[in-house]
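Undergrad: Sharing a structure here in structure tokens format.
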Amino acid sequence: MNTTEPVRPVPESAWFKSSYSSGAGGECVEVANAVGSTHVRDSKNKAGAMLSFDAEQWATFVAFAAH
């Protein structure tokens, strides 16, 4: 997770939900890809905290979550 560099604003059009999201709410996160990073936020609190990962960190997380 990137905690040392400022994060540029992410346009709303960049955010997307997983195709596995049921639309019923409750557990959804949204992801936005940017140059050199991937951002994650709670879809129910779009103005809340956003996590940012570099490419290696994101790949490690996705590999872990897939198991």
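Undergrad: Taking the condition of being within 12 Å of the chain's Cα centre (by Cα) and under 15 Å from Lys17 (Cβ atoms), how many residues in the stretch 31-49 meet it?
TA: 10
Undergrad: Could you tell me which numbered condition Thr4 fails, if it satisfies all but one of (1) modelled with pLDDT of 85 or more; (2) surrounded by fewer than 10 Cβ atoms within 10 Å (Cβ to Cβ); (3) β-branched (Val, Ile, Thr)?
TA: Of the numbered conditions (1) modelled with pLDDT of 85 or more; (2) surrounded by fewer than 10 Cβ atoms within 10 Å (Cβ to Cβ); (3) β-branched (Val, Ile, Thr), the odd one out for Thr4 is (1).
Undergrad: Tell me, yes or no, whether the stretch 35-57 has at least one residue that is among the acidic types (Asp, Glu), surrounded by fewer than 11 Cβ atoms within 10 Å (Cβ to Cβ) and either touching an Asp or Glu at 6+ places or on another chain (Cβ under 9 Å) or modelled with pLDDT of 90 or more (or both).
TA: yes
The values are calculated or read from the model by the stated rules, or taken from the named source; none is laboratory data. Here the structure is a predicted model, which means the values were calculated and not measured. All Cβ positions, even for glycine, are placed from backbone atoms using ideal geometry, and neighbour counts span all protein chains on display.
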